[in-house]
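Beneath this line is the structure, given in structure tokens, with notes to follow.
The values are calculated or read from the model by the stated rules, or taken from the named source; none is laboratory data. If you're wondering where the values come from, they're calculated on a predicted model, not measured in any experiment. Positions of Cβ are generated from backbone atoms using ideal geometry, with glycine treated the same way; all protein chains shown enter the neighbour counts. Areas reflect the complete protein model, heavy atoms only, side chains present, ligands, DNA and RNA absent. Shrake-Rupley method; radii C 1.70, N 1.55, O 1.52, S 1.80 Å.
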Amino acid sequence: MTEHFQVHGGARLAGAVDVVGAKNSVLKLMAAALLAEGTTTLTNCPEILDVPLMGEVLRSLGCEVTIEADTVTITTPADLNHHADSASMGKLRASVCVLGPLVGRCRRAVVALPGGDAIGSRPLDMHQNGLRQLGAHSEIEHGCVVAEAEGLHGAQIWLDFPSVGATENILMAAVLADGTTVIDNAAREPEIVDLCTMLLQMGGKIEGAGTSTLTVHGVDALQPTEHRVIGDRIVGATWAFAAAMTRGDVTVRGVDPHHLDLVLEKLRTAGADVTILEGNAFRVVQRDRPTAVDFVTLPYPGFATDLQPFAIALTSIADGTSMITENLFEARFRFIEEMIRIGADARTDGHHAVVRGVARLSSAPVWASDIRAGVGLVLAGLCADGVTEVWDVFHIDRGYPGLVENLVNLGADVRRVAAAPERS
Ligand code: EPU
């Protein structure tokens, strides 16, 4: 039995929505709990499928994990199992983030290659090269990343590309290395800053969080801590796009609007009125049909690749022609095939897509290929004539807590339906 969403087109979203902690932060913070013996508590955690999956990964390493509403408690033992090869490993990408902490704590790790979204090739060469520079040997063996070190020492590491995952793994190994590590061309995402904040609270010594150069002075041991996960900027941006696409009026609470500076500026270019409100909130009001706007995905503070499906969805109903450039994950344009099913006029050429806005989309059954593509189809369905069926919604459940409830609260008619699909 597979579930699908029935999205009735035509509603103008209006009201307020609360956004909780970021998926791409909480999963890394859970991995960071491996670095300190004792009990770490994370609050403001999203109630999404990936959190219990990551909990399973940590349990397989010897941790006790409890998840109650928005609070995750992890008790890490003195002796960790360094084999991370449970079935849950293959179900999410962030599972690879146990690599750095295990190498830091145990000086050896065997970590099953991660799963996650089918959005293009996702090698681990930068993760491995960073660990090698810290003194570890690392190979891929029988489907696992294996890393072993006699001792870890500080190093100067230049990343070829500001990879989020590689920055996190190297950082979490370097905090327990001897001496000072400098990571240059490091990722600057707010989720990296959140990880640095937690590591500092645990007794780590890190300078430069949020810049391209992270300096890490290794310490002998870290202490467990209590930490509140930052608000999910990708979910926050999703609501901003939803407001702009439905000519709605939505107030988004729980996300730092400065994490979305470029996104909100792009929506202003498309015709939205965006107001920054007190206390991590903003309001997006769109009165007329959005106008065409170009998007180029880049590492933060550039426009996030995770928002690219929403950019395609918005421009598919905008007035005019837009160009979308994808620089991170080549397969993310698979989303366009589904958009074409519901009447979008879009074509790709390499890592560019040209989208000619149409006056209306026309409902059809469509299939989510990953978390963001799935939600992009829901947003497009809100702007289509009739009822759009979005299938394979388990992808959406991995990243969006209470999506349907939130949409209904904002005035949309969206239902989760259980039924067996037939795909020709
Ligand atoms: N890359 C390499 N070698 C490496 C690591 C990365 O070539 O060793 C390449 C990738 O192939 C990609 C680019 O570098 O072209 C960026 O990848 P990055 O390592 O930054 O991505 P990630 O850590 O695997 C995280 C998020 C993704 C998000 C990207 C980019 C998590 C669990 N995932 O992935 O989020 O798209 O950063 O911002 O944090 C999502 O949430 O829907 C999602 C896919």
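Among residues belonging to the range 94-114 that are crowded, with 18+ Cβ neighbours inside 10 Å and within 13 Å of the ligand (Cβ to nearest atom), point out the one that is farthest from Ser138 (Cα to Cα).
Ala94
For the range 250-295, give me the residue count where each residue is surrounded by fewer than 20 Cβ atoms within 10 Å (Cβ to Cβ) and either hydroxyl-bearing (Ser, Thr, Tyr) or touching a residue at least 40 places away in the same chain (Cβ under 8 Å) (or both).
Adding up the residues that qualify gives 15.
If you check every pair at least six apart or on different chains, which have Cβ atoms under 6 Å apart with a residue in the range 161-178 that is more than 20 Å from Arg108 (Cβ to Cβ) first and a residue that is part of a helix (DSSP H, G or I) and within 7 Å of the ligand (Cβ to nearest atom) second?
Sorted first by the residue in the range 161-178, then by its partner, the pairs are Ser163/Met126.
Pairs only if they're at least six apart or on different chains, beta carbon under 7 angstrom, first in the range 187-208 and over 14 Å from Val219 (Cβ atoms) and without any contact (Cβ under 8 Å) to a residue 40 or more places away in the chain, second in a loop (DSSP other than H, G, I, E, B) and within 16 Å of the ligand (Cβ to nearest atom); list them, first residue then second.
Taking only residues 6 or more apart or on different chains, the pairs are Val193/Gly210.
Being more than 16 Å from the ligand (Cβ to nearest atom), in a loop (DSSP other than H, G, I, E, B) and among the aliphatic types (A, V, I, L, M) is the filter here, so list the residues in the range 293-352 that pass it.
Once the filter is applied, which keeps residues that are more than 16 Å from the ligand (Cβ to nearest atom), in a loop (DSSP other than H, G, I, E, B) and among the aliphatic types (A, V, I, L, M), the range 293-352 yields Val293, Ile317, Ala318, Ile342, Ala344.
Which strands (runs of 3 or more DSSP E) does the range 1-115 wholly contain that include 2 or more residues that are of a type in the set (Ser, Thr, Tyr) and over 18 Å from Cys144 (Cβ atoms)?
Of the strands (runs of 3 or more DSSP E) lying wholly inside the range 1-115, those with at least 2 residues that are of a type in the set (Ser, Thr, Tyr) and over 18 Å from Cys144 (Cβ atoms) span 38-43, 71-76.
Being buried (at least 21 other Cβ atoms within 10 Å of the Cβ) and either more than 12 Å from the ligand (Cβ to nearest atom) or among the β-branched types (Val, Ile, Thr) (or both) is the filter; apply it to the range 115-136 and report the residue that is modelled with the lowest pLDDT.
Among those that are buried (at least 21 other Cβ atoms within 10 Å of the Cβ) and either more than 12 Å from the ligand (Cβ to nearest atom) or among the β-branched types (Val, Ile, Thr) (or both), it is Ile119.
With the requirement that a residue be crowded, with 22+ Cβ neighbours inside 10 Å and over 13 Å from Val229 (Cα atoms), what does the range 18-30 give you?
None - no residue of the range 18-30 is crowded, with 22+ Cβ neighbours inside 10 Å and over 13 Å from Val229 (Cα atoms), so the list stays empty.
So Glu139 ticks every box in (1) within 9 Å of the ligand (Cβ to nearest atom); (2) among the charged types (D, E, K, R); (3) part of a strand (DSSP E or B) but one. Which box is left unticked?
It is condition (1) that Glu139 fails.
Can you report the number of residues in the range 224-247 which are over 17 Å from Met30 (Cβ atoms) and either open to solvent by 20 Å² or more (accessible area, probe 1.4 Å) or part of a helix (DSSP H, G or I) (or both)?
Counting residues in the range 224-247 that are over 17 Å from Met30 (Cβ atoms) and either open to solvent by 20 Å² or more (accessible area, probe 1.4 Å) or part of a helix (DSSP H, G or I) (or both) gives 14.
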